[in-house]
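Following: one structure in structure tokens, then a few remarks.
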Amino acid sequence: MHFLKPIIGVLVAYLLIKIGVPFLGSLSHPGTWPVVPTAVMKMYLFFIIAGAFVASTFSEEGYNGLIGPIVDLYGNPAKAKLRLGAVAAVSLLGTWVAYQYVKPSFDAPVELRSVHPAPPSSANMWGKSFELQTLKNPFREDKANFAKNVEEGGIVYYKNCFYCHGDKQDGKGHFYSAFNPIPANFVDVGTIAMLTESFVFWRVGTGGPGLPSEGAPWATAMPVWHTMLSEEEVWKAVMFIYEQSGVQPRVTATVAEKK
Amino acid sequence: MKVRFMFSHLKKMLSQRSPSAYRFGVALASLLVIPAALSFNSLEISQPVLKAAAEAVSVQKVWANEAAAAAAPAAEAKKDEKKGTEVWAPLAPPKLEAKDYPVVKGFNSRITVWFIAQLHLFFGAFVLAVPIFVWLIELTGVITKDERYDHMAHEFMKVAMTGFSLAASFGGLLSIALVVFYPQFMLYMTGIFGKVMIFYALAFFAESFFLYTYYYGWDKMSDGKAKTIHLSLGLGLNLAGVFLMMVSNSWASFMMAPSGLDDAGVFKGDVWAAINGHLWNPVNIHRFVANIAYGGSLTAAYAGYKFLTAKTAQEKAHYDWMGYTSFFIAIIGLLPLPFAGYWLTKEIYDYSQQMGITLMGGAFAWLFILQAVLIGTIFLSANYYLWCCLARSPGAKRYTFMIKPIAIVIVTAFLAWFTPHTLVMTSKEVTQIGGAHHPLLGKFGVMAAKNTAVNFLIVLTFLSFQIYQRSNKRAVGDDFWATNGTSVQIGLYVAGLANILSLGIYSYYLPASVRIGLSVPQVTTTLIVIVTSFILDGKIFKKSEEMGETQWGNMPVRSQYALFTLTIGFTWLMGLMGYVRSAIRQHWHVYTVFRDNSPDAFTPTLPYAASVVTVIVCVFIALVLFMFWMPMLAAKKGSSGEH
């Protein structure tokens, strides 16, 4: 029965990922069932099986315990019927897997979407060009008027952004459930906290249509705000979302600063 | 004849055994390398060859960037009469068109150069690494007076000799391919690095001198002062190798992060500024460490192959030992490698946010998932080999209960490590999740989780190693460390892992810039656990007894396949990451300065790039088999003759 241990171990791991992860995820996002995507599940399972195999076969005892029954099944004349059943089961499993791959489907193709695509070196907004590598928020250094600027940014936010990105900046505004993907959650450290202000300024200013083709297809409803807001308003709104969500913009030491 | 003449001189020197002869030998070794390294910073040397080349193609006319050229009033080479040297003209990056890229029927320019460059790098990495640890093993043999080390070091060099020829052949082919397919690019690069290229070429002579005297003089210079001279020759070989690596790295790092240029992209004339770019040292460190790991894994594969084909128990024991030593070297290189990689990536981000995001968050991010999978495979196969090694130790049964928990933690850490930040999903899955950002898996996508996972992988891999090291020992005596040392070690591991985990969770909630900073205490914790535990082993087993003789050669066949997996994993990884490093320049020959306007100036699809890398890896593995076969051919001839 030694060979059953790794198999049971793999099954337990599979169930934890298949059911446990979506269950825990649903606690923080009620109303959703955040499954582990198939592409990730395949990678997980491959290495869980590999891990179970290596952990069971490093010793001769373990190796013989795992491989022994298989060798016996295929080599023992007394187990002809069982062998036939095992071969049939493996063949049917292979057939089922192959069928799943080739059967017609109405599902849209898998999207290879980059959450944070690389920005261009420069972006055109308000009739001028911005060098994103060196671009800084002009209001960030104005310490004297910092609170005032953030407040003004808040007004811009509540007039324009709030409906999608939400009061708590968690991407759950009034309209959020109508979008796929849902609006960005600024409180999550995986979003604006990973980005510089110039990046966020560019994303807000040029919206979905301004994104590079690198990560296409783009499924985002983000408007092109530079046609509706002033440059000043966008900068202040960017400051506000950082302040309100409690995260800091990413700062990278430039080469010039280092030298 | 020259070799014989050289040897006769060396022999004469050694037979005299005089201090002056020894000093002469060392001085000769130093003379050939050190001036080249020292004169780097003051390269006020005339460049007739370069000048002739530039004049021949009429640099001023070819360079289309007239504005930049006009901005450089000293565009003509002028003679500095006081110094008697020539100051070279500033070069503007040319604006090329498709017609400036020669087309050779039957060849795709990019694929050809990609293929040759990668093969050259594979062999280059191997032959730069092997002499480093050969020298260290030889030194160990001298210090311990154990001749087995000396024989093993010699055998490693024997394997590497064919590698030197192949590395040089592919290097020559690469130079020709670059000149044939990208002549204007090479002209531009020569205009900047021409001075250094001459030293680079000369360093090959130095390396050849050291290589041949080191290898062929092994038996002649086997003891006394002769051995010291031999070690000096080995040191010279390594210095020449590192010099060559650093020089060629400077060209690659210049193409990624150009320096020494003015705002118009015109070279200002300071070669050192061009060499000492923002990414030069991170690339140097990363490649140096990676080469050690790679060289170790290749020689481990050689030993594994020899183990599998060994006819006698004695042979098996020898190649088992050789395989273990090589594996040990590979692991020494592997453990710090992720940190060297992080530093390089951080510097890329600092240099250019756009390049950094393209690398890790944009189109190339998917290749990093493959990278994580390959590194995980390397770690898993390394641990598997170590666990299989327990079969050699009669006392190992005491520790086997720990292997499964270690395996579970390693696999869990590994899953966290390769969980992508951006998930590939069907539209149905996007709807189920409620967007592109997974509420749980998304937490594993940021560096807080990845740093934690990689530190866990490293600590537990070291634990596997430590278990093997002590598996056949039993502490004797009743002093404090003999009785309580293991408990202290357990406490150390638990506290260390708890600290790494809590720092990881804490850093998740911090701004990105601070979060990266917290990786330093995580790494420090890892190092403290490793070093302290290693020292404690020394104290615990100060008085110890063996629980039986180590049974070299008593290894399951499958363990040797773990060594092959290690090698193939490394090779694939190097090919893949080499492509990523080069391709993040996208449509630039020299990033943001010199645009690539060839028909191939597009980023290939990920499957296409991965396929090209895979084919290159297959070709390389075939050549490696050839490289392994060559010394055996020599041995066969030897055995029929002399032995």
So what does log10 I(q)/I(0) come out to for segment B:211-284 at q = 0.14, 0.17, 0.21 Å⁻¹, using the Debye formula with one equal point on every Cα and no solvent?
-> -0.58, -0.67, -0.82
Go ahead and collect, in residue order, the members of segment B:437-471 whose backbone nitrogen is under 20 Å from a label point 7 Å along the Cα-Cβ direction of B:Lys539.
-> B:463, B:466-467, B:469-471
Sorted by Cβ neighbour density within 10 Å, fewest at the top, the residues B:Val130, A:Val87 = A:Val87, B:Val130
Residues whose placed amide H lies under 5 Å from that of B:Ser544, excluding near-sequence neighbours | B:Val476
Percent relative contact order of segment B:200-269, based on C-alpha pairs within less than 8 angstrom and at least six residues apart?
-> 32 percent
Within a 10 angstrom radius of each residue's Cβ in B:384-397, how many Cβ atoms of other chains show up on average? Whole number is fine.
-> 2
Length gained when the stretch B:Phe328-B:Ser175 is fully extended (0.36 nm per residue, less Cα-Cα span) = 51.6 nm
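For A:Leu4 and A:Tyr163 in the same chain, what is the full-extension length gain: residue separation times 0.36 nm, less their Cα-Cα distance, in nm?
Extending this stretch completely gives an extra 51.8 nm.
Within segment B:394-549, what is the number of lysine pairs with alpha carbons under 16 Å apart, leaving out pairs fewer than eight places apart on the same chain?
Final tally of qualifying lysine pairs is 4.
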For the residue pair B:Arg595 and A:Leu82, what label-to-label distance in nm results when each label sits 7 Å from Cα along the Cα-to-beta-carbon direction?
-> 7.1 nm
Binned Cα-Cα distance frequencies in segment A:4-102 - 10 Å width, integer % = 13, 28, 35, 17, 6, 1
Report, to the nearest 10°, how far helix A:80-102 tilts away from the longest principal axis of the Cα atoms in chain A, using its own Cα long axis and a range of 0 to 90°.
-> 20 degrees
Chain A: angle of helix A:146-160 to the longest principal axis, Cα-based, in degrees nearest 10 = 70 degrees
For the protein assembly as shown, the Kirkwood Rh over every pair of distinct alpha carbons, in Å, works out to 30.9 Å
Return the average number of partner chain Cβ atoms within 10 angstrom of each residue Cβ along peptide A:45-52.
-> 5
Inter-label distance, nm, simple model (7 Å from Cα along the C-beta direction), B:Val619/A:Val110 = 2.9 nm
Please name whichever of B:Gly434, B:Ser519, B:Gln466 sits farthest to the positive end of the charge dipole of segment B:394-549, dipole taken about the Cα centre and charges placed at Cβ: Lys and Arg +1, Asp and Glu -1.
-> B:Gly434
Most packed first (mean Cβ within 10 Å per residue), the peptides B:413-423, A:26-36, B:542-552 order as B:413-423, A:26-36, B:542-552
When A:Lys18, B:Lys450 are arranged by how many other beta-carbons sit within 10 Å of their Cβ, fewest first, they go A:Lys18, B:Lys450
Relative contact order (percent, whole number), segment B:394-549, Cα cutoff 8 Å, 6+ residue spacing = 33 percent
Everything considered on the Cα gyration tensor (a ≥ b ≥ c; rounded for a/c under 1.5, else prolate if a/b is larger than b/c, else oblate), segment B:217-361 must be described as oblate
Once Rh is set to the Kirkwood radius over Cα pairs, what Stokes-Einstein translational diffusion coefficient, in µm²/s, holds for segment B:557-633 at a temperature of 37 °C and a viscosity of 0.692 mPa s?
-> 222 µm²/s
Could you give the alpha-carbon Rg of segment A:122-258 over 2.2 N^0.38 Å, rounded to two decimals?
-> 1.02
Compactness of segment B:296-430 - radius of gyration and Dmax, Cα, Å | 19.7, 61
Segment A:4-102, relative contact order [Cα under 8 Å, separation at least 6], % | 20 percent
Between B:His589 and residues 5 or more places away or on another chain, which pairs have amide H atoms under 5 Å apart, with H built 1.01 Å from N, and which residues are they?
-> B:Phe594, B:Arg595, B:Asp596
So, in Å, what gap is there between the alpha-carbon centers of segment B:435-457 and segment B:330-370?
-> 16 Å
Give the order of B:Val454, A:Val71 when sorted by the count of other beta carbons within 10 angstrom, beginning with the fewest.
-> A:Val71, B:Val454
With +1 on each Lys and Arg Cβ and -1 on each Asp and Glu Cβ, and nothing else charged, work out how big the dipole of the protein assembly as shown is about its Cα centre, in Debye to the nearest 20.
-> 1960 debye
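Report the FRET efficiency, 1/(1 + (r/R0)^6), for B:Val103 and B:Thr603, where r is their Cβ-Cβ distance and R0 is 22 Å, rounded to 0.05. Write down the numbers at each step before the final one.
On the way: r = 21 Å, r/R0 = 0.95.
That pair, B:Val103 with B:Thr603, gives E of 0.55.
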At the level of C-alpha centres, the distance separating segment A:1-74 and segment B:117-192, in angstrom, is 42 Å
Can you give me the three principal axis dimensions of chain A from its C-alpha atoms, in Å, biggest first?
-> 88, 47, 34
For the residue pair A:Leu73 and A:Ala98, what label-to-label distance in nm results when each label sits 7 Å from Cα along the Cα-to-beta-carbon direction?
-> 2.0 nm
Rh by Kirkwood over Cα pairs, then Stokes-Einstein D for segment B:434-562 at 1.567 mPa s and 4 °C, µm²/s | 75 µm²/s
Roughly speaking, what % of Cα-Cα pairs in segment B:124-168 are separated by over 12 Å, rounded to a whole number?
-> 55 percent
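A short reminder: the numbers here are calculations on the coordinates, not readings from a lab. Since this is a predicted model, take the numbers as computed values, not measurements. Methodologically, a virtual Cβ is constructed for each residue, glycine included, from the backbone with ideal geometry; neighbour enumeration extends over all protein chains shown.
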